[in-house]
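Note sheet for the following structure.
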Amino acid sequence: MAFLHDMRFRAYFYQVVAIGFVALVGWTLFSTASGNLAKQNIATGFDFLTRPAGFVITEAAIAFEPTDTVGRAILVGIANTVKVSLLAAIFGTILGLAVGIARMSRNPLLARLALVYVELLRNVPLLLYLFLWYSLIILILPPVKQALNLLPGVYLSNSGLVVPAAFVESGGLALLACLVGGAMAALVIRRVATKKRVATGRSNHGGLLALAALVGPALLLWLAGGVALDWDFPTAGKFRLTGGLHVRPEFVALLFGLALSVSANVAEIVRAGIQAVSKGQWEAAAALGLARGRTMRLVVLPQALRIIIPPLTNTYLTVFKNSSLAIAIGFPDLVTVSNIVMNQTGQAMETIAIFMGVYLALSIAISLLMNWYNAHVALKER
């Protein structure tokens, strides 16, 4: 029994025992639930995913019809969740960065306004704000019959915003290839230009060259007639608006609420990251003649980024999980669609397992991406 005194063996042994115990508990719970469902003549399994859905989803990020399968309906819910969460994370980060920098402003009025903004959004439950934004949209904006014609083809009412929509008739794959290739070329050009600028100390317009590489191939393809676009302009009827792209109030309220909530958290993270940078960095930049704005952009923020990234990961995980509050205002995200599926099929255990697995997979993907970026920007010991 001398191997029991080996630390490496004991470490692996305890892990195997823990995994086995968790697997045993999980199997016991599954067997018990399956047996109870069988006694009530409720079938188990995932065969219900191939049945026709039979219900309408008011807003779908991918094409969906009631005759499509339940599996595709759940896929629509996943796509809607990812769409609104990703947009909220992007807009919230941009707004939070601005508010966080404003918190550090020498202007006392601006700094206090930023403080009030953060405290108001952080200390009120997000669900209440979702109800507030949704109610404001419904009550303040006019009905569809009296929709505001903001611009030609652009209408605003309490049923949402309707704008002209563009569709790719032909050449979609070629356009996608040009965009992907342009993005890769822009990254390479930007990196090479940055290295040359650091080595020589002279500007080489790397940003403009990268932008040209990003949009140039797609623009040339369009000018050469390799891609055909078709426009669908909305028209105002007596009772509704037809055609175009319809941005519904549920999506706007959810996006607005999530983005503002994210921005408040990001603002505090940015403020803490900036304050963690030594004051000597500000003094050194001032001694070199850099203005305060350029010092913030070129000296302080790049160093604060190493402190900002780890807590920012948790904020992004939270926004994806908070998107489940969409059920309160009727936006068809993953949880809303899953509830409809559970009510129609009775497969509660399987449906809950699906959307729990989806949230787990999304959270792991975000963590891996942010950990990779954190390692990329971290200081390298030599």
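The values are calculated or read from the model by the stated rules, or taken from the named source; none is laboratory data. What you see is a predicted model; the values in this text were computed from it and never measured. For neighbour counting, all protein chains shown are included, and Cβ atoms are generated from backbone atoms with ideal geometry for every residue, glycine included. Side chains included, ligands, DNA and RNA excluded: accessible areas come from the protein's heavy atoms. Shrake-Rupley method; radii C 1.70, N 1.55, O 1.52, S 1.80 Å.
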For this session: Give the residue that is least open to solvent (accessible area, probe 1.4 Å), with candidates limited to residues of segment 115-124 that are more than 20 Å from the chain's Cα centre (by Cα) and not aromatic (Phe, Trp, Tyr).
Result: VAL118
For this session: Go through segment 244-271 and give me each residue that's open to solvent by 60 Å² or more (accessible area, probe 1.4 Å) and assigned to a loop (DSSP other than H, G, I, E, B).
Result: ARG248
Exercise. Name the pairs whose Cβ atoms lie under 7 Å apart, with the first residue in segment 332-356 and of a type in the set (Phe, Trp, Tyr), the second surrounded by fewer than 23 Cβ atoms within 10 Å (Cβ to Cβ), and 6 or more positions between them or separate chains?
Worked result: PHE355/VAL335
For this session: Just give me the residues in segment 272-295 being over 26 Å from the mean Cα position of the chain (by Cα), open to solvent by less than 20 Å² (accessible area, probe 1.4 Å) and among the aliphatic types (A, V, I, L, M), in sequence order.
Result: VAL277, ALA285
For this session: Just give me the residues in segment 139-149 being surrounded by 16 or more Cβ atoms within 10 Å (Cβ to Cβ) and part of a helix (DSSP H, G or I), in sequence order.
Result: VAL144
Exercise. From the set of residues in segment 209-243 that are outside any helix (DSSP H, G or I) and open to solvent by less than 20 Å² (accessible area, probe 1.4 Å), which is farthest from GLY77 (Cα to Cα)?
Worked result: VAL227
Exercise. Which residues, counting only those in segment 186-203, are open to solvent by 50 Å² or more (accessible area, probe 1.4 Å) and either modelled with pLDDT of 80 or more or not in a helix (DSSP H, G or I) (or both)?
Worked result: LEU187, VAL188, ILE189, ARG190, ARG191, VAL192, LYS195, LYS196, GLY201, ARG202, SER203
For this session: Quick one: count up the residues across segment 57-82 that are under 15 Å from ASN339 (Cβ atoms) and open to solvent by 30 Å² or more (accessible area, probe 1.4 Å).
Result: 2
Exercise. Yes or no: SER367 surrounded by fewer than 21 Cβ atoms within 10 Å (Cβ to Cβ), closer than 30 Å to ALA33 by Cα and either touching a Leu at 6+ places or on another chain (Cβ under 8 Å) or at pLDDT 90 or above (or both)?
Worked result: no
Exercise. Is there any pair with a first residue in segment 226-238 that is more than 25 Å from LEU176 (Cβ to Cβ) and a second that is of a type in the set (Phe, Trp, Tyr) whose Cβ atoms are under 9 Å apart and which are 6 or more apart or on different chains, and what are they?
Worked result: PRO234/TYR155; ALA236/TYR155
Exercise. Is there a residue being touching a residue at least 24 places away in the same chain (Cβ under 8 Å), in a helix (DSSP H, G or I) and surrounded by 10 or more Cβ atoms within 10 Å (Cβ to Cβ) anywhere in segment 40-51?
Worked result: yes
For this session: Considering only residues that are farther than 14 Å from SER261 by Cα, without any contact (Cβ under 8 Å) to a residue 60 or more places away in the chain and surrounded by fewer than 19 Cβ atoms within 10 Å (Cβ to Cβ), look in segment 303-323 and name the one that is farthest from the chain's Cα centre (by Cα).
Result: GLN303
For this session: Consider only pairs whose beta carbons are under 8 Å apart and that are at least six residues apart or on different chains; among these, list those whose first residue lies in segment 153-164 and is more than 16 Å from GLY237 (Cβ to Cβ) and whose second residue is aromatic (Phe, Trp, Tyr) and part of a loop (DSSP other than H, G, I, E, B).
Result: PRO164/PHE233
Exercise. Do we have GLY171 as within 29 Å of ASN265 (Cα to Cα) and either open to solvent by less than 100 Å² (accessible area, probe 1.4 Å) or under 25 Å from the mean Cα position of the chain (by Cα) (or both) here?
Worked result: no
Exercise. Do the conditions hold for LEU136, that is, is it under 19 Å from GLY257 (Cβ atoms) and outside any helix (DSSP H, G or I)?
Worked result: no
Problem set entry | Subset of segment 130-158 that is among the small types (Gly, Ala, Ser) and at pLDDT 80 or above - its residue that is nearest to the chain's Cα centre (by Cα) | SER135
Seminar exercise, completed: Within segment 336-363, the count of residues that are β-branched (Val, Ile, Thr), within 16 Å of the chain's Cα centre (by Cα) and either surrounded by fewer than 17 Cβ atoms within 10 Å (Cβ to Cβ) or under 13 Å from ALA73 (Cα atoms) (or both) comes to 0
Problem set entry | Residue list for segment 64-83, filter: of a type in the set (Ser, Thr, Tyr) and either free of Cβ contacts under 8 Å to residues at least 12 places away in the same chain or in a helix (DSSP H, G or I) (or both) | THR81
